[in-house]
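What follows is a set of notes on a single structure, which appears directly below.
The values are calculated or read from the model by the stated rules, or taken from the named source; none is laboratory data. This one's a predicted model, so the numbers in the text were calculated from it and none came from an experiment. Because the Cβ atoms are built from the backbone with ideal geometry, glycine has one as well, and the counts that use them run over all protein chains shown.
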Amino acid sequence: MSRRINSMAAARVGLGVIAIGAAATVASGVSYASIPARSGPVHKSASASPIVAMASTPDGKGYWFATAKGHIYRYGDAKFLGSVKTAPASPIVAMSRTPLGTGYWLVTAKGSVFTYKAKSYGSLSKAPGSPVVAMASTPDGKGYWIVTAKGHIYHYGDAKNWGSVT
């Protein structure tokens, strides 16, 4: 099993670990890429924006990275589905993909959701008391959860609220 990680931040995907912002190796030992990657339209400012989120493709043979400004980088078999054209007022902090990998959602620290070939189920109507830090889609892709730094859960679509830390 390969354990090569050249990054301070990493995300667990299936049986392997994929590093964010550096060379990436999964448990099979296959390295898909390192930044810079294939992407959609890349603006000069894209490289200055840190990678803040990632999502794997359903088969584990690719992934997307999202920057704080909403630019998307794709690796392996991940398809480019779109990215934020104008940097949002609040930085992107998380992303989640649809079950089949045919779309994804990006969410800002203030809870605005950007959709790319994925249905929108809503965004926070006002800024939360603490910043958004993560999101997850439901298994059927017909909803998602958004969580803040203090553990408050916001649920959309068919996502159920099973409780919050706060």
Query - Cβ pairs under 8 Å, 6+ apart, first in the range 61-89 and under 15 Å from PHE114 (Cα atoms) and charged (D, E, K, R), second surrounded by 21 or more Cβ atoms within 10 Å (Cβ to Cβ) and modelled with pLDDT of 95 or more - result: LYS69/ILE92
Requested in this report: Please state which one of SER125, SER83, SER137 is out of contact with any strand residue (DSSP E or B) (no Cβ under 7 Å at 6 or more places or on another chain) and of a type in the set (Ser, Thr, Tyr).
Outcome: SER125
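When the range 127-151 is examined, which residues are found to be more than 20 Å from VAL52 (Cβ to Cβ) and in contact with a Ser or Thr (Cβ under 8 Å, 6 or more places away or on another chain)? Write out each step before concluding.
We begin by selecting, within the range 127-151, every residue more than 20 Å from VAL52 (Cβ to Cβ); these are 129, 138-143.
Correct list: GLY129, GLY141, GLY143.
Looking at SER47, is it part of a loop (DSSP other than H, G, I, E, B) and at pLDDT below 95?
On the way: part of a loop (DSSP other than H, G, I, E, B): no; at pLDDT below 95: yes.
Against the criterion (part of a loop (DSSP other than H, G, I, E, B) and at pLDDT below 95), SER47 does not qualify.
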Requested in this report: Out of SER112, SER125, SER90, SER49, report the one residue that is of a type outside the set (A, V, I, L, M) and either farther than 23 Å from ILE153 by Cα or crowded, with 19+ Cβ neighbours inside 10 Å (or both).
Outcome: SER49
Query raised in the report: ALA136 fails exactly one of the following numbered conditions: (1) touching a residue at least 40 places away in the same chain (Cβ under 8 Å); (2) surrounded by 17 or more Cβ atoms within 10 Å (Cβ to Cβ). What is the number of that condition?
Result: (2)
